[in-house]
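Single-structure report; data block below.
The values are calculated or read from the model by the stated rules, or taken from the named source; none is laboratory data. Note that this is a predicted model, so its numbers are computed, not measured. Every residue, glycine as well, gets a Cβ built from its backbone with ideal geometry; the counts of neighbours run over all protein chains shown.
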């Protein structure tokens with residue numbers, strides 16, 4: 001079992017990667033550094049202290065090899081599916097657009113609308129589908145380690 005510090009570190013890494021991926025910059029035609037310094041930084045928590053996946057599994061950070069954190073955006077057009085797959089390391093997901101519907105082995109089905117953030121199931125095969133009429137856009141952050149595949153297709 002991982003210590004709370006390991007879990008906090010993994011969540012911190014995922015949030016840092018998320019912030020970097022979503023950063024849009026703050027350009028101005030007439031910069032005023034003194035005024036900018038007086039404005040407090042805005043922070044909106046999206047996922048805090050997650051200790052379990054969407055299926056109630058304990059989030060466990062891989063050990064024994066160097067960490068590898070990867071992020072990606074996934075776009076699914078209406079009617080598209082991810083195909084059955086699993087993740088062997090913790091995966092943070094944020095739904096940026098649309099609604100993704102995920103079916104897990106055992107028949108559990110969950111729908112995640114725009115704005116949802118969650119830790120995806122680990123080691124459980126699942127298939128994501130876009131059942132809507134608009135594209136689905138996901139931000140994923142894999143908190144893996146060297147030698148561990150982020151996504152493994154069902155044989």
Check: Looking at (1) surrounded by 15 or more Cβ atoms within 10 Å (Cβ to Cβ); (2) under 18 Å from residue 53 (Cβ atoms); (3) touching a residue at least 60 places away in the same chain (Cβ under 8 Å), which is the one condition that is false for residue 152?
Finding: (1)
Next item on the list: Pairs only if they're at least six apart or on different chains, beta carbon under 9 angstrom, first in region 95-108 and over 14 Å from residue 81 (Cβ atoms), second modelled with pLDDT under 95; list them, first residue then second.
Entry: 96/22
Notebook entry, point to check: Looking at (1) assigned to a loop (DSSP other than H, G, I, E, B); (2) within 22 Å of residue 154 (Cα to Cα), which is the only condition residue 103 fails?
Noted result: (1)
Next item on the list: State all residues of region 137-155 that are modelled with pLDDT of 95 or more, assigned to a strand (DSSP E or B) and more than 14 Å from the chain's Cα centre (by Cα); if no residue qualifies, say none.
Entry: 152, 153
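Mind listing just one residue for me: the one in region 50-81 that is touching a helix residue (DSSP H, G or I) at 6+ places or on another chain (Cβ under 7 Å) and part of a loop (DSSP other than H, G, I, E, B) and, of those, surrounded by the fewest Cβ atoms within 10 Å (Cβ to Cβ)?
In the first step, residues of region 50-81 are kept if they are touching a helix residue (DSSP H, G or I) at 6+ places or on another chain (Cβ under 7 Å); the result is 50-51, 59, 61, 69, 71.
Restricting the remaining residues to those that are part of a loop (DSSP other than H, G, I, E, B) gives 50-51, 59, 61.
Numbers: 50: 18, 51: 14, 59: 20, 61: 20.
If we take residues in region 50-81 being touching a helix residue (DSSP H, G or I) at 6+ places or on another chain (Cβ under 7 Å) and part of a loop (DSSP other than H, G, I, E, B), then 51 is surrounded by the fewest Cβ atoms within 10 Å (Cβ to Cβ).
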